[in-house]
Amino acid sequence: MNTSTIDTILAAAPKILILGATGPTGRHIVSQALARGYEVTVLVRSTEKAADMKGAKILVGDARDETVLRQAAKARDAVISALGTPASPFREVTLLSTATRAIVSAMKAEHVSRLVTITGMGAGDSAGHGGFFFDNLIFPLLLRKVYADKNRQEVIIKDSGLDWTIVRPTVLNNKPRHDTIQTLTDLSQFRGGSISRENVAAFVLDQVTTDHWLRKTPLITW
């Protein structure tokens with residue numbers, strides 16, 4: 001992110017669009033963003049799921065629809081994608097890559113450059129670092145097709161020309177937030193790990209106003 005972009009975001013409360021806002025991690029991102037005083041827009045499939053998001057602007061639509069995304073991203077400083085998909089042992093998964101392709105196109109059309117996306121441990125060069133149980137049982141039996149789509153998603157982002165950060169959390173839990181976390185790009189000595197959704201949300205929001213992890217893929221863990 002260039003300095004002028006950072007200065008623009010810091011000049012006032014950041015205006016952000018959150019996708020995947022009704023998921024378990026997305027909800028923490030929304031609540032923490034509102035607590036920070038950010039101007040929050042969420043794009044959801046139904047208003048009922050976002051009924052408790054008081055203070056956020058709620059738009060209804062499909063994250064794969066570029067027309068809807070353009071409306072949602074208009075005049076935003078940044079887009080945060082916490083989109084996820086259930087485990088899919090047998091069926092191909094395309095939602096994440098399809099939505100990301102539409103997100104990138106919509107952001108370019110609306111001149112929004114900052115994109116922060118959550119993928120996960122097991123995507124890209126973090127594959128094989130989840131520990132024995134994750135790498136040999138959970139990943140191949142339940143998540144292989146999901147992570148194939150996460151890999152496609154990451155490639156689209158890296159080729160986008162946007163100011164992106166891809167956040168790869170370890171296994172997510174609902175425990176209280178820790179004061180400190182580890183942020184890694186060298187995984188040569190790393191195996192396994194977990195982190196709370198609250199910590200992930202805080203880290204993701206921090207990336208809106210810093211370029212420290214610009215165009216990088218940090219893995220975050222306790």
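Per-residue counts of other Cβ atoms within 10 Å, averaged by peptide: what ranking do you get for 49-62, 109-122, highest first?
With the highest mean Cβ count within 10 Å placed first, the list reads 109-122, 49-62.
Please work out which option in (1) 25; (2) 36; (3) 17 gives percent of Cα pairs over 30 Å apart calculated from these coordinates, and answer with its label.
(3)
Tell me the label-point distance for the pair Lys57, Asn173, using the 7 Å Cα-to-Cβ offset, in nm and rounded to one decimal.
Calculated label separation equals 3.8 nm.
Considering only DSSP beta bridges where both residues belong to the chain, give the percentage that are antiparallel (nearest 5).
The antiparallel fraction comes to roughly 10 percent.
For the pair Asp125/Lys216, report the inter-label distance in nm, with labels modelled 7 Å from Cα in the Cβ direction.
Distance between label points: 1.3 nm.
Specify which residue in the list Ala63, Phe203, Gly122 is farthest towards the positive end of the charge dipole of the chain, using unit charges on the beta carbon of Lys, Arg (+1) and Asp, Glu (-1), about the Cα centre.
Of the candidates, Ala63 comes out farthest on the positive side.
Mind checking which lysines have their C-alpha under 30 Å from Lys54, skipping anything on the same chain fewer than 8 residues away?
Lys15, Lys74, Lys108, Lys175
From Cα pairs below 8 angstrom and at least 6 apart in sequence, can you work out the relative contact order of the chain, rounded to a whole percent?
21
What is the angle, in °, between the Cα long axis of helix 197-206 and the longest principal axis of the Cα atoms in the chain? Nearest 10 is fine, range 0 to 90.
Long axis of 197-206 versus the principal axis of the chain: about 50 degrees.
Percent relative contact order of segment 37-97, based on C-alpha pairs within less than 8 angstrom and at least six residues apart?
Contact order relative to length: 25 percent.
Rule-based calculations on the coordinates, nothing more; no lab input. Small disclaimer: the values here were computed from a predicted structure and weren't measured. Ideal geometry is used to build each Cβ from the backbone, glycine not excepted, and the neighbour counts take in all protein chains shown.
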